[in-house]
Every structure is written in C-alpha cells, then in structure tokens.
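Below is one structure, written out as structure tokens, with a few remarks after it.
The values are calculated or read from the model by the stated rules, or taken from the named source; none is laboratory data. As the structure is a prediction and not an experimental result, all values here were calculated from the model. Methodologically, a virtual Cβ is constructed for each residue, glycine included, from the backbone with ideal geometry; neighbour enumeration extends over all protein chains shown.
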Amino acid sequence: MVTATVLRRGAIQVSDYRCSAGPADAPYVEVHQGYSVSYVRAGSFGCRTHAGTFELVAGSVLVGCPGDEYTCTHEHGFGDECMSFQLEPAVVETIGAQGDAWRTGGVPPIGELMVCWVSSPRPPSTTSATSASTRSGCCSPRASSRR
C-alpha cells in the first residue's frame, strides 16, 4: 500500500491510498484509528464490518468510527485507490454527525459524486508519498490487530 498525505489542515487530513492487494493476499483485521470518510476512486474490494459485508466499487464510500474493526478482501480483483478524509472529533461534533452515522460501514456508489470526481483532476502521484507501507490495508488509517 502506498499512502500520501495530500492535505493536513488543523483537524482535517486528506490521504491518498493506493492498494495493490489481490486474491492471493490474506485478509486481516484492521482498526479505524479515528473518524474517516474514504471515497473509492478506482478498483474494488470487499469489506467486512460490524454493520455487514460490503463490496466497495468506484463511487462507494467506506465510513470509519474510532475503534471499529474491519477486514478488507480483494477476492475479485487487484488493487484500489481511495481518497480518505480523516476528521478529528471536534469536526464531527461541529457538523452534527453522531452515533450511527459513523457506524454504517459502507455506502453504495452515489452518481453525483462519481460525476463530480471524474470531472475533477486526479490527485498528485504518490511516488513521493509521505509514508509508505508494504501491508495491503485499505482506505483508512488503521492498526492491524494481527501480530
């Protein structure tokens, strides 16, 4: 997984995630470290959360709540690209999104967002990534519970 911090301003961070995992890569449990909204730009992956199992494709959104576990799989293909927005608790409180809104897991593609993203420029290349990892995790800052 290649990760680049695209923007960090106060209580908001935007990160570009590019995962190269495929069907042969073993899934593992990960933990959301904070509130996050991750937009799937390209590719697809499966995601198991407490809220259910989701097949996330381009246009889908992965919603993260601090402490929630999730497992990503790539049974149907190789790799994905996500733009992840990590929000500090103060931002979440300010926008008024509480409780169950952060525990939905996955949201299906939204046509208006797909059109908006396609018409906007792609983020900068991650070859100068601010941090990189060889693990194949997906879309959101996390900690693996596998040792």
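Quick grid of which residues meet (1) at pLDDT 95 or above; (2) not in a loop (DSSP other than H, G, I, E, B):
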site	(1), (2)
GLN13	yes, yes
ASP16	yes, yes
ALA21	no, no
SER38	yes, yes
GLY43	no, yes
PHE54	no, yes
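Taking the criterion of being surrounded by fewer than 17 Cβ atoms within 10 Å (Cβ to Cβ), more than 23 Å from PRO89 (Cβ to Cβ) and in contact (Cβ under 8 Å) with a residue 24 or more places away in the chain, the residues of the stretch 33-54 that qualify are ALA42, GLY52.
For the stretch 64-106, residues that are among the aromatic types (Phe, Trp, Tyr) and more than 14 Å from SER36 (Cα to Cα) total 1.
Within the stretch 91-102, residues that are closer than 23 Å to ARG8 by Cα have Cβ atoms under 9 Å from residues that are charged (D, E, K, R) and assigned to a loop (DSSP other than H, G, I, E, B) in these pairs: TRP102/ASP68, counting only partners at least 6 apart in sequence or on another chain. The set of residues from the stretch 71-90 being touching a residue at least 60 places away in the same chain (Cβ under 8 Å), in contact with a strand residue (DSSP E or B) (Cβ under 7 Å, 6 or more places away or on another chain) and of a type outside the set (D, E, K, R) comprises CYS72, HIS74, GLY79, CYS82, MET83, SER84, PHE85, GLN86, LEU87.
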